[in-house]
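Asker: Provided herewith is a single structure, encoded as structure tokens, for subsequent inquiry.
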Amino acid sequence: MAVAPGALGALQVCRVRSVTTGCARLGSGWRLPDSLKGSRVGPAIGAWGWACVAGGALSRRGYSSSEVKTEDELRVRYLEEENRGIVVLGINRAHAKNSISKNLIKMLSKTVDGLKSDKKVRTIIVRSEVPGIFCAANLPMPTIAAIDGLALGGGLELALACDIRVAASSAKMGLVETKLAIIPGGGGTQRLPRAIGMSLAKELIFSARVLDGHEAKAVGLISHVLEQNQEGDAAYKKALDLAREFLPQGPVAVRVAKLAINQGMEVDLITGLAIEEACYAQTIPTKDRLEGLLAFKEKRSPRYKGE
């Protein structure tokens, strides 16, 4: 198990606190109109969770990075050169198989708070620096879970908090709590149906079935499945490729698009379209939009600043 059952309670408290204090916020100065912050809409923005899943040791070959924070349990790297704008959060609790601890939650929460308002951050990849596990947070910018090994129980519940999930074919994923006569208590009963549909989610939870990468891809649980490489980081490398695809796009637009999608999925279509309209309006006065138009006219690549 990537997360010990006892750790889920702390995670739930952390998530509930975030929902309670969250306020439909995209970042500093970015908000939805008050008319769209009803009980069915507002909480979706403040909600976030932690994902502990399997991964391999961080491969440094070919990737230049600047380590801005190194602690015993959490390492934060801002990648450089062609990867500038990508941040990698590395969980490093080898002695505890990367299980969630109060200290790790505290460090993750502090790191997330800082990343939320950092306009230079375009995409976050969360993975393990220990062969076996990693953790992820749902932030205003895109988040990618790279599953290179086991993601069972709490591990899969929390990987579901990420926007995108990629996995090695050898990875194992499943909500296995019913084997212990309990239910998924870290968001699994809510996020899994939203990801793959109610009927199939019930089947997997009732049976405690474990899927490999190919099976997870077939049911829509993950977006990409890769054959594992010798380094054991095939999913991480795919996540990095995806993050590079996001880099050239307007960062404000990407964040607002995520906001619109997350909020819209929680309401009916008419309300969702109103949310989309409100989010679209937030992009109109930005400098990035004007830069995009100018770049198109001048037939060059845009130089977005997240403003």
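Asker: Any residue at all in region 174-191 that's in a helix (DSSP H, G or I), in contact with a Phe, Trp or Tyr (Cβ under 7 Å, 6 or more places away or on another chain) and over 26 Å from V87 (Cα atoms)? Show your work before the answer.
Answerer: Going through region 174-191, the residues in a helix (DSSP H, G or I) turn out to be 177-180, 188-191.
Retained after the next criterion (residues that are in contact with a Phe, Trp or Tyr (Cβ under 7 Å, 6 or more places away or on another chain)): 178.
The next check asks that each one be over 26 Å from V87 (Cα atoms); those that pass are 178.
So far as region 174-191 goes, yes, one or more of its residues are in a helix (DSSP H, G or I), in contact with a Phe, Trp or Tyr (Cβ under 7 Å, 6 or more places away or on another chain) and over 26 Å from V87 (Cα atoms).
Asker: Quick one: would you say A146 is touching a helix residue (DSSP H, G or I) at 6+ places or on another chain (Cβ under 6 Å) and either of a type in the set (A, V, I, L, M) or not in a strand (DSSP E or B) (or both)? Steps first, please.
Answerer: Working: touching a helix residue (DSSP H, G or I) at 6+ places or on another chain (Cβ under 6 Å): yes; either of a type in the set (A, V, I, L, M) or not in a strand (DSSP E or B) (or both): yes.
So A146 fits the description; yes.
Asker: If you go through region 140-162 one residue at a time, do you hit one that is within 30 Å of K120 (Cβ to Cβ), among the polar types (S, T, N, Q) and crowded, with 22+ Cβ neighbours inside 10 Å?
Answerer: Yes, region 140-162 contains a residue that is within 30 Å of K120 (Cβ to Cβ), among the polar types (S, T, N, Q) and crowded, with 22+ Cβ neighbours inside 10 Å.
Asker: Here is a follow-up. Among the residues that make up region 236-243, is at least one of them in contact (Cβ under 8 Å) with a residue 60 or more places away in the chain, part of a helix (DSSP H, G or I), of a type in the set (K, R) and assigned by the TED database to the domain that holds L152? Before the answer, list the steps.
Answerer: Our first condition is that a residue be in contact (Cβ under 8 Å) with a residue 60 or more places away in the chain; within region 236-243, this holds for 236-240, 242-243.
Restricting the remaining residues to those that are part of a helix (DSSP H, G or I) gives 236-240, 242-243.
Now restrict to residues that are of a type in the set (K, R): 237-238.
Pick out the ones that are also assigned by the TED database to the domain that holds L152 and you get 237-238.
Within region 236-243, one or more residues are in contact (Cβ under 8 Å) with a residue 60 or more places away in the chain, part of a helix (DSSP H, G or I), of a type in the set (K, R) and assigned by the TED database to the domain that holds L152.
Asker: Only one of these is open to solvent by 40 Å² or more (accessible area, probe 1.4 Å), touching a Leu at 6+ places or on another chain (Cβ under 9 Å) and basic (K, R): R244, R209. Name it. Please lay out each step first, then the result.
Answerer: Working: R244 fails: touching a Leu at 6+ places or on another chain (Cβ under 9 Å).
Exactly one of R244, R209 is open to solvent by 40 Å² or more (accessible area, probe 1.4 Å), touching a Leu at 6+ places or on another chain (Cβ under 9 Å) and basic (K, R), namely R209.
The values are calculated or read from the model by the stated rules, or taken from the named source; none is laboratory data. Bear in mind that the values here come from a model prediction, so they are computed numbers and not experimental data. Reconstructed Cβ throughout: ideal geometry from the backbone, glycine too, with neighbour counts over all protein chains shown. Accessible surface areas use protein heavy atoms only, side chains included; no ligands, DNA or RNA. Shrake-Rupley method; radii C 1.70, N 1.55, O 1.52, S 1.80 Å.
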